[in-house]
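Following: one structure in C-alpha cells, then a few remarks.
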Amino acid sequence: MVRKVADCRRFPSVMNCTLTISGEEDEVVRAAAEHAVSVHRHEDTAELRREIRATLQDEKVLAYPMSGPPPPEGEIFDL
Ligand SMILES: [Zn+2]
C-alpha cells in the first residue's frame, strides 16, 4: 500500500516548519493534528483534521528499495 505524507510546508497557516509525517492515512492525520495543536497552537477540530487529510500526498520516495537502481529522474523529490 502507499503511505501518505503530511508536509507542514504545504499547510497554509504554517511558516518555517519543515516537518513531514508519513504513514498510513489515519496515523498521519492523527499525528499531524497533534503536531498542529502542540506546535502551531491550532485547535484539534474535525475541520482541522479534514484540512490535514486534504493536504496529504502519496509517499513515493520510499517506494523504491534502498539498494538497486535509483528512481527515475524527476521523481526523487516528487512527494
Ligand atoms: Zn509544523
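Quick notes
- Residues satisfying the stated conditions in the stretch 1-45, i.e. over 12 Å from residue 57 (Cα atoms), assigned to a helix (DSSP H, G or I) and more than 10 Å from the ligand (Cβ to nearest atom): 26, 27, 30, 31, 33, 34, 37
- Residue match in the stretch 36-52 (condition: out of contact with any Cys (no Cβ under 6 Å at 6 or more places or on another chain), surrounded by fewer than 16 Cβ atoms within 10 Å (Cβ to Cβ), hydroxyl-bearing (Ser, Thr, Tyr) and at pLDDT below 80): no
The values are calculated or read from the model by the stated rules, or taken from the named source; none is laboratory data. Owing to the predicted nature of the structure, the values given are computational and were not obtained by experimental measurement. Neighbour counts are summed over all protein chains in view; Cβ atoms, including those assigned to glycine, are modelled from backbone coordinates with ideal geometry.
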